[in-house]
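Readers should treat all values here as calculations from the given coordinates under stated rules, not as data from a laboratory. This is a predicted model, so every value here is computed, not measured. Reconstructed Cβ throughout: ideal geometry from the backbone, glycine too, with neighbour counts over all protein chains shown.
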Amino acid sequence: MDFKPCVNIRKEWDIVGARQLGREKAKEIGFGTVDQARIATAISELARNIYLYAGTGKICFEIVDDFEHKGLQIIAVDEGPGIRDISQVMEDGYTTSGGLGAGLPGVKRLMDHFDIISEVGEGTEIRASKWVR
Amino acid sequence: MSALRIPILKLQNYLLISIQIDLDDQTAIQFQEDLLNKIHKSGATGVVIDLTSVDIVDSFIAKVLGDVVTMSDLMGAKVVLTGIQPAVAMTLIDLGIHLQDVQTALDLEQGLIKLRQELED
Ligand SMILES: Nc1ncnc2c1ncn2[C@@H]1O[C@H](COP(=O)(O)OP(=O)(O)O)[C@@H](O)[C@H]1O
Ligand SMILES: [Mg+2]
C-alpha cells in the first residue's frame, strides 16, 4: 500500500499522460485488457474534469493488496470550486460545459468502488478502485 | 502546443482515415475540422474512420466522433466507423454511450463495402 505516484494535471496533454501511466500500472498488477481500458477511461474522465472545472490538480495511484482485495485505487484531487449537489452531477447527462455528462456516472460504472467528497470553495476528492478478478 | 494532424487519404469518392495515436483533445478537434474541410473540398460521399489501433475512447472522444458523423452527414458524406476494439465497445457501454445512429463495420474493407451498398441504393 506504500507506492503512490501522482501525475499533476496542469495542461490538456496531462490527461493523456495520466491515463497512459494508469494503464501501465493496471497491466503490471495483472488486469486484463478490458479492465485496463476501463481504468484508463476512468482516469481520462477524472483528469479531464480536473482540467476543465478546477484548472489544476492531481491523479494519484495506489496499489491495494490486502486480505480482501488486490487492485488499483485512483485518487483524483483538486482545489477547484467544488461540487454543490453531488447527486446531480452523478446523473447521466448532467453537464455544465456542453459535454455528454457521462464522466462521473461512467467512472462509477467502470470501477468497482467509487467515493466522492467535495466542498464548495475547497475542492473535490474522488476515489475509485478496481479489483483484480 | 499545436495539435498533431491525422492523415486523411482520398480513394475515389471516399475518404479513409486510420487513427494510430492516443488522441488528445486538441488533436481530436483538429481532426474534426480537417475532415469537414476535406469533405467540402473533395466532395467525398463516404468516409471510413478506422479505430483498430485506438485502445481508449472516453466521453470526450466519443462526443467528437459522434459530432463528426452528424456534421459529415449534413455535408452529404456517410461515415462508417470500423475496427472498434471489444474493450472499447465495453467501456462505451459503461459510459452510457450508445452511438446509435452510427454505422459500424468490422474492418476497413467491410467499411468500404458497407459504404458502397449504402450509396448505391
Ligand atoms: N473536479 C470537479 N470540480 C468541480 N466540478 C466538477 C468536477 N468534476 C465534475 N464537475 C461537475 O460535474 C459535472 C458532470 O461531470 P461529468 O459527469 O464528467 O460530465 P461532463 O464533464 O461531460 O460535464 C460537470 O459538468 C461539472 O459541473
Ligand atoms: Mg467530464
Practice task
May I ask for the net charge around B:Thr82, where only other residues with Cβ less than 12 Å from the Cβ of B:Thr82 are counted and Lys, Arg are +1 while Asp, Glu are -1?
Solution key: -2
Practice task
Name the lysines eligible as straight-distance cross-link partners of A:Lys70: C-alpha to C-alpha under 17 Å, and not fewer than 8 places from it in the same chain.
Solution key: A:Lys4, A:Lys25, A:Lys27, A:Lys130
Fill in the blank from the handout: If amide H atoms are modeled at 1.01 Å from N in the peptide plane, then the residues at a separation of 5 or more from B:Lys78, or on another chain, having amide H under 5 Å from its own are B:Gly46, B:Val47
Problem - Contour minus Cα-Cα distance for B:Ala89 and B:Gln12 (0.36 nm per residue) - result: 24.7 nm
Problem - ³J(HN,Hα) computed for each position of the range A:37-54 - Karplus, 6.51 cos²θ - 1.76 cosθ + 1.60, integer Hz, glycine/proline x - result: 5, 4, 5, 4, 5, 4, 4, 4, 5, 5, 5, 5, 4, 4, 4, 6, 9, 10
Practice task
Run through all the Cα pairs of chain A and give the fraction in each 5 Å bin from 0, expressed as whole percent.
Solution key: 2, 11, 22, 25, 20, 12, 6, 1, 0
Handout entry: Residue mean of other protein chain beta carbons inside 10 Å, B:13-22
Key = 1
Handout entry: Karplus (6.51, -1.76, 1.60) ³J(HN,Hα), θ = phi - 60°, over the range A:109-124, in Hz, Gly and Pro reported as x
Key = 6, 5, 9, 8, 9, 9, 9, 10, 10, 8, 10, 4, x, 10, x, 9
Problem - Rg ratio (alpha-carbon, reference 2.2 N^0.38 Å) - the range B:3-121 - result: 0.98
Handout entry: Inter-chain Cβ neighbour average for residues A:22-33, partner chain, 10 Å
Key = 1
Fill in the blank from the handout: Dividing the mean separation of Cα pairs under 8 Å (6+ apart) by the residue count of the range A:6-131 yields a relative contact order in percent of 24 percent
Practice task
Just grab the label-to-label distance for A:Glu68 and B:Asn37, each label 7 Å out from Cα along the Cβ direction, in nm (one decimal).
Solution key: 5.4 nm
Practice task
Could you work out the local net charge near A:Arg48, counting Lys and Arg as +1, Asp and Glu as -1, over the other residues with Cβ closer than 15 Å to its Cβ?
Solution key: -3
Problem - Semi-axes of the equivalent ellipsoid for the protein assembly as shown, Cα gyration tensor, largest first, Å - result: 35, 19, 16
Exercise for the section: Before rounding to the nearest 500, sum -39500 (n - 2.57) across all DSSP H runs of length at least 4 in the protein assembly as shown and divide by the residue total; then give [θ] at 222 nm in deg cm²/dmol. Expected result: -13000 deg cm²/dmol
Exercise for the section: Using the structure shown, list the pairs from A:Lys58/A:Lys108; A:Lys108/B:Lys114; A:Lys11/B:Lys10 with a Cα-Cα distance above 28 Å, or answer none. Expected result: A:Lys108/B:Lys114; A:Lys11/B:Lys10
